[in-house]
Amino acid sequence: MNLKFKKVISYFSVFIFLCAFLFVGSAQAESMSLVTVGGEPYALAITPDGKYVYVPNGEDVAVIDTASNKVISRIAVEGVPYDVVALPNGEYVYVANRAFDNGGLVSVISVSSNTVTSTVNVGGDPIGVVVSSDGEYVYVLKSEFMPAGGGSYNAVGVVSVISTSTNTVLSSISLGKHSSGLAVSPNGEYLYVTTADGSFSVVDISLKTETATIKIGNSSLGDVAVSSNGLYAYVLGLSDVSVINTDSNEVVATIPDLGSPNGLVLSPDGNYVYVTENWNKTVSAINTATHLVEFSISAGENPYGVTVSPDGKKLYVSNLDYVPSDSFGVNYVGTVSMISTGQNAGVIDSFSLQSLIVVVVCVVVAVIVFLVVMRLKRKSKASFPTNPDVASNTLVKLCLIEQCCVFV
């Protein structure tokens, strides 16, 4: 291999390295961005058209426009806004407002006006809200504090059933134990409830009775997500996710070693379960076919709730960001991360068109610089006579340049 060809390879190696560096930097900048919503956002919901994300933060409900990634409205509600769900028709969102005095409320927000159009008194302390697939019913999981003697109270799980046509409570289903997570089957026949004692309960909605209980562990369970065909339920534990076959009511798989998982959501195509991991500050993508973590995505500080865009290409993660306060505590300044999943996407979808343009420009500039340098060197060689000493010195210099380029 002659010296000139080696020089060409060395120069292009440096150019490719620089282009790759710029590409990765631009891709990372585009793959995640943060929006400050303030407060303590534990949950969030996206409208079916993917245009807006509603984020209750304990103070108000922030509305994020997904086109601009900016907060476009803040909606005041009664109580402490905690959980949220969007109706399938995209017209309303329902916000569960916590109340530790058994005075829980649900706020009904119009998406078109971003105003509270109705308030439903459900009582208790609402901690979860889900909607049936047809949008006719909203189910609110709440804790009711019952006197236990001696000035103490027991928390009992209760589900309130709200009609979305009248915004009234139709009935209540007592669960008899402290509950933490809630989901509804796609056919609208069953509720799936997780409890503080490590149980997964199946509740027949029409009968208002528990038909099956699956003991998963001895510690409190968290969120639940159900596959679109209703065959599998995914349940958060303290450090894992359990997969339950809803036909046999058996645990068929466990995904262990997750870093303090807080929230989970199924991708629209059902291929992945996305789980926020507090300790690792990531979102893990679990392949639903293999029950293995396929990849992880960096999130914000203390990621908690998660939702996914209707096309499956974006994740929205609520983060419990905070800053130290003067009283040795912390002040929460919650944020929402917008993260590209890269699912079913190539370079353009994963890293954005802007990143691709950056790479093309880098390559064009690199080629132009390379051609100019080579032309100047040819002119320089033609301008000066060579002798053995000069040629020898030139060869030494070129060798040094080559070694530096290869080292870089």
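Total residues in the stretch 296-312 satisfying the condition of being of a type outside the set (Gly, Ala, Ser), at pLDDT below 95 and either surrounded by 20 or more Cβ atoms within 10 Å (Cβ to Cβ) or under 30 Å from VAL251 (Cα atoms) (or both): the figure is 2.
Taking only the stretch 321-353 into account, find how many residues are modelled with pLDDT under 85 and assigned to a loop (DSSP other than H, G, I, E, B). Going through the stretch 321-353 one residue at a time, the tally reaches 10.
Could you list all residues from the stretch 54-77 that are closer than 22 Å to THR119 by Cβ and in a strand (DSSP E or B)?
Matches in the stretch 54-77: TYR54, VAL55, PRO56, VAL61, ALA62, VAL63, SER73, ARG74, ILE75.
For every residue, the table says whether it meets (1) within 22 Å of ILE162 (Cβ to Cβ); (2) among the hydroxyl-bearing types (Ser, Thr, Tyr).
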| position | (1), (2) |
| --- | --- |
| GLY50 | no, no |
| VAL55 | yes, no |
| ASP65 | no, no |
| PRO81 | yes, no |
| TYR92 | yes, yes |
| ALA96 | yes, no |
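Pick from LEU238, LEU221, LEU264: which is assigned by TED's automatic domain parsing to the domain that holds LYS313, modelled with pLDDT under 95 and crowded, with 20+ Cβ neighbours inside 10 Å? Please lay out each step first, then the result.
Working: LEU238 fails: crowded, with 20+ Cβ neighbours inside 10 Å; LEU264 fails: modelled with pLDDT under 95.
One residue alone meets the criteria, LEU221.
Once the stretch 184-218 is narrowed to residues that are over 24 Å from LEU238 (Cα atoms) and among the hydrophobic types (A, V, I, L, M, F, W, C), the residue that is surrounded by the fewest Cβ atoms within 10 Å (Cβ to Cβ) is LEU207. Going through (1) at pLDDT below 95; (2) of a type outside the set (Phe, Trp, Tyr); (3) on the phi > 0 side of the Ramachandran plot one by one, ASP101 falls short only on (3). Among the residues of the stretch 108-135, those identified as closer than 26 Å to GLY263 by Cα and free of Cβ contacts under 8 Å to residues at least 40 places away in the same chain are SER110, GLY123, GLY124, ASP125.
Consider the stretch 246-294 and keep the residues that are free of Cβ contacts under 8 Å to residues at least 60 places away in the same chain and among the charged types (D, E, K, R). The one that is nearest to SER228 (Cα to Cα) is ASP247.
The values are calculated or read from the model by the stated rules, or taken from the named source; none is laboratory data. Everything quoted here is computed from the prediction, not taken from an experiment. Don't worry about glycine lacking a Cβ; one is built from the backbone with ideal geometry, like all the others, and counts go over all protein chains shown.
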